[in-house]
Amino acid sequence: MIEEEIPLKIIFEDHDIIVINKDDDIIVHPARTTRSGTIINALAWHFKNVSSGKLSEVGEDFARPGVVHRLDRHTTGVMVAAKTETSHWRIAKQFENRKTQKRYLAVVHGEMEPLTDVIDVPLGKHPTKRESYAVRWDDMGKPSVTIYRVREIYNGFTLVELELKTGRTHQIRLHLKHLGYPIVGDDLYGGKHLKFSEIIPRGQETSFERSDYVIQRQALHATYLGFAHPISEEPVSFTAPIHGDMALLVNLLRK
């Protein structure tokens, strides 16, 4: 594993686990086309130079040591990695058995109503688009459940909290698109990249170039993760504040 000094926002670390607030535009582990610049490379450097221990060897054959769960490249927020084999298997089992609590924040196009609801819509691979997923009412659709709660409503946009009851690929993005409220910046599923000129009224003073983009990726952030500690078995929970372009977007919309 290549060790690389890449900044990490560390929320918590002990002998068994490490929890971070993931940045945008970084993938979790090396893949066929990306051998460096990943969270795993950054963690390897961190353990050698800053703290102690190492990533669990579970998944090492697939270049995924310590990876219990993943976030998309352009999704930010809280994620946990395992430092021992025992903690890896125990946390992974909680994810598999849906014993973890996962909540996300998203900024979507439109003013959502009702203010809270359950989205129970099956999802599966898109029938024709290789890299996409879709709502599937046929035998290929897998049960997918998301609870949403509106947190703030702006002029034409909504900040919404989403609680996952299942963990399908692109679940939140697809469920919100299905309701007609695609995530801002999610051009794969109907969202739009936003420029400053689309948020700040014409004539209002701004230090930003109006033609520049506020955000060019899905405005989706994993804000909360709860599970039983793999060794003590005590319940633990971690909250990751939004940051970067999504924090700027929310602040501008509030104004």
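The values are calculated or read from the model by the stated rules, or taken from the named source; none is laboratory data. Note that the structure is a prediction, hence the values are computed from the model and not measured. Positions of Cβ are backbone-derived with ideal geometry, glycine not excepted, and every protein chain shown enters the neighbour counts. Just the protein is used for accessible areas: all its heavy atoms, side chains included, with ligands, DNA and RNA removed. Shrake-Rupley method; radii C 1.70, N 1.55, O 1.52, S 1.80 Å.
With a/c under 1.5 counting as rounded, go ahead and sort segment 137-255 into rounded, prolate or oblate using the C-alpha gyration tensor (a ≥ b ≥ c being the square roots of the eigenvalues; past the cut-off, prolate if a/b is larger than b/c, else oblate). Here segment 137-255 falls in the oblate category. Taking each residue as 0.36 nm, the span from L248 to I10 lengthens on full extension beyond its C-alpha to C-alpha distance by 83.6 nm. As a fraction of the 1.4 Å probe accessible area of segment 176-255, surface on carbon and sulfur atoms comes out at 47 percent. Residues with beta-carbon under 11 Å from that of K83, excluding K83: net charge, scoring Lys, Arg +1 and Asp, Glu -1? Charge balance near K83 sits at -4.
Say a paramagnetic label sat at a point 7 Å from the Cα of I2, along Cα to Cβ; which residues of segment 8-32 have their backbone N under 11 Å from it? Under 11 Å, as judged by backbone N against the label point of I2, lie 30-31 of segment 8-32. Relative protection proxy for 117-124, 167-174, from highest mean packing down: 167-174, 117-124 (other beta-carbon atoms within 10 angstrom).
Candidate cross-link partners of K48 among the lysines, defined by an alpha-carbon separation under 27 Å and a same-chain spacing of 8 or more, comprise K9, K22, K83. With the simple spin-label model, which puts each label point 7 Å out from Cα in the Cβ direction, the R70 to D23 separation comes to 2.0 nm. If you take all other residues with their beta carbon under 13 Å from the beta carbon of G180, and give Lys and Arg +1 and Asp and Glu -1, the sum is -2.
Once you reduce segment 21-55 and segment 192-255 to the center of their Cα atoms, the two points are 23 Å from each other.
Please work out whether segment 24-109 counts as rounded, prolate or oblate from its C-alpha gyration tensor, where a ≥ b ≥ c are the square roots of the eigenvalues and a/c under 1.5 means rounded, while otherwise a/b larger than b/c means prolate and anything else oblate?
oblate
Partner lysines whose Cα lies under 20 Å from the Cα of K192, excluding those fewer than 8 positions away in the same chain, are identified as K129, K177.
When M140, M112 are compared by accessible surface with a 1.4 Å probe, the order from highest to lowest is M140, M112. Projecting the Cα positions of P182, H29, N155 onto the charge dipole of the chain (unit charges on Cβ atoms of Lys, Arg, Asp and Glu, taken about the Cα centre) puts P182 furthest along the positive direction. Expressed as a whole percent, the accessible area of segment 122-162 that falls on carbon and sulfur atoms is 52 (1.4 Å probe). Select from Q101, I231, I215 the residue farthest towards the positive end of the dipole of segment 96-255; place +1 on Cβ of Lys and Arg, -1 on Cβ of Asp and Glu, and compute about the Cα centre. Final value for the positive-end residue is I215. In the chain, the calculated helix contribution to ellipticity at 222 nm averages -5000 deg cm²/dmol per residue, counting -39,500 (n - 2.57) for every DSSP H run with n ≥ 4. Rolling a 1.4 angstrom probe over the protein heavy atoms with all chains in place gives segment 177-246 an accessible area of 51 Å² per residue. Rolling a 1.4 Å probe over the protein heavy atoms leaves R70 with an accessible area of roughly 130 Å². Peptides 203-209, 79-85 ranked from most to least packed by the mean count of surrounding Cβ atoms within 10 Å: 79-85, 203-209.
Between E233 and H193, 0.36 nm times their residue separation minus their Cα-Cα distance comes to what?
10.1 nm
Determine the shape class of segment 74-118: with a ≥ b ≥ c the square roots of the Cα gyration tensor eigenvalues, call it rounded for a/c under 1.5, and otherwise prolate if a/b is greater than b/c, oblate otherwise. It comes out oblate by the Cα gyration axes.
Measuring with a 1.4 angstrom probe and ignoring ligands and nucleic acids, Y133 comes out at about 60 Å² accessible.
Mean-square fluctuations from a GNM of the chain, with a 10 angstrom spring cutoff on Cα atoms, peak among V50, V214, V58 at V50. Largest GNM mean-square fluctuation among A106, A42, A240, using the chain with Cα springs under 10 Å: A42.
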